[in-house]
Amino acid sequence: MAQRTLDNLRLKTLFESLAFISQAALPLAEGLGVLSQNSRRSQAELFYSRLEEYIKAGSPLSQALAESQVVPTFAVNLLKMGENTGRVDQTLSGLAHYYGRRDSLAGALRGALVYPLSMLVVVLVVLFVLLSQALPVFQDVFAQLGLDLSGPALALMGFGNLLGHIASWLALAVLVIVVVVVLLALSKPGKRFFAWLFQTLPGLREVSLQLSAERLAFALSTLLETGLTIDQAFDQAKALLGDRRARRVVEQMSLELEQGQDIFRIFKMSGLFSPDLLPLLAVGIKTGKLSNALAKMADQIDRQTESKIASLIAVIEPLLVVVMCVLVAVVLLSVMLPLVGVLAGI
């Protein structure tokens, strides 16, 4: 049975620890034993113990991580290339830095989503109270005055009464939907479905492309550091991208590179990288520090992606406020306007 992939923070910690062991020239099995003995959680202790067993059995680190089924294929493949070229230290350090950025981005996204989601809950609660509790009071007041509620008010109150009667079933349905979504998110078909949504929905597909551009820049930088040529790095990087559109673009970039076209022009015409990043790329190519330039580009794309996500969420917040105000105004006007008419006639 496949296990759940480690989150970004645990991946960062894992690769940092492995990088320290490798850089200190400590035997890998011995280092993993130290990690296992000093792990506070039983799952982490078991994970490191299994890695130690694989290493003692003669498996390379990349294969041991692949066998664990909790490390992304992207990281395993990069590490395998690092092993093949004798650049394990640099690869492990790069992966630690990469997943550290991913964790920061995920944390910023979670923090930014808290307020809009809270606002959405408030909107739904306010509407429920107005429709199921406030409107019946107005109905009694109108009845004492010998008047009837307006058609819109009656319709809204009927909807409120319906909500009141099915509230428990509605809550159960929401709970079931949440559970189904969580289970889908943990399954491979579900992950593919949500990845497809992320790559397809307006607004999100631009973010998906930015993340693919960051992954490409990071992968190329790491692969070049392992000693591969730019042609070889592109061939390997194609398989590391999850976004289908980005893979097609990289395949075209690789083809143009094989045809001998200028590297800078290939990156510029790909459309994956913003014009702001191109001067940094040009300097990297001119000075022979392309891998360093690509690493810096990955960092800048990460910050741009975080800003893009924050901008998308910033649009949602005022939109929710406007929707809540309009809905509350509709409910109140449907009952207040008849009352104003009565008072005007006195």
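The values are calculated or read from the model by the stated rules, or taken from the named source; none is laboratory data. Just so it is clear, the model here is predicted, and its values are computed rather than measured. Here Cβ is always computed from backbone atoms with ideal geometry, including for glycine, and neighbour counts include all displayed protein chains.
Per-structure values
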quantity: Residue that is closer than 25 Å to Ala310 by Cβ, in contact with a helix residue (DSSP H, G or I) (Cβ under 6 Å, 6 or more places away or on another chain), modelled with pLDDT of 85 or more and not in a loop (DSSP other than H, G, I, E, B), where the choices are Ala246, Ala217; calculated: Ala217
quantity: Selection within segment 27-42 - closer than 17 Å to Glu67 by Cβ and loosely packed, with under 12 Cβ neighbours inside 10 Å; calculated: none
quantity: Count of residues meeting criterion [exposed (fewer than 13 other Cβ atoms within 10 Å of the Cβ) and assigned to a helix (DSSP H, G or I)] in segment 253-288; calculated: 8
quantity: Some residue of segment 281-293 being within 16 Å of Glu206 (Cα to Cα), at pLDDT 85 or above and either assigned by TED's automatic domain parsing to the domain that holds Leu79 or among the polar types (S, T, N, Q) (or both); calculated: no
quantity: Verdict on Arg4 being modelled with pLDDT under 85 and surrounded by fewer than 17 Cβ atoms within 10 Å (Cβ to Cβ); calculated: yes
quantity: Top-ranked residue in segment 192-214 [being at pLDDT below 75 and out of contact with any Leu (no Cβ under 8 Å at 6 or more places or on another chain); ranked as surrounded by the most Cβ atoms within 10 Å (Cβ to Cβ)]; calculated: Gln199
quantity: Residues (more than 21 Å from Arg4 (Cβ to Cβ) and charged (D, E, K, R)) located in segment 54-69; calculated: Lys56
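One line per residue, one yes/no per condition, for (1) more than 23 Å from the chain's Cα centre (by Cα); (2) under 30 Å from Ile316 (Cβ atoms):
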residue	(1), (2)
Glu30	yes, no
Leu35	yes, no
Tyr54	yes, no
Val71	no, no
Arg110	no, yes
Val114	no, yes
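Residue by residue, here is whether (1) modelled with pLDDT under 70; (2) within 20 Å of Phe74 (Cβ to Cβ); (3) among the small types (Gly, Ala, Ser) holds:
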| residue | (1), (2), (3) |
| --- | --- |
| Ser118 | no, no, yes |
| Phe142 | yes, no, no |
| Gly158 | yes, no, yes |
| His165 | yes, no, no |
| Leu183 | no, no, no |
| Ser187 | no, yes, yes |
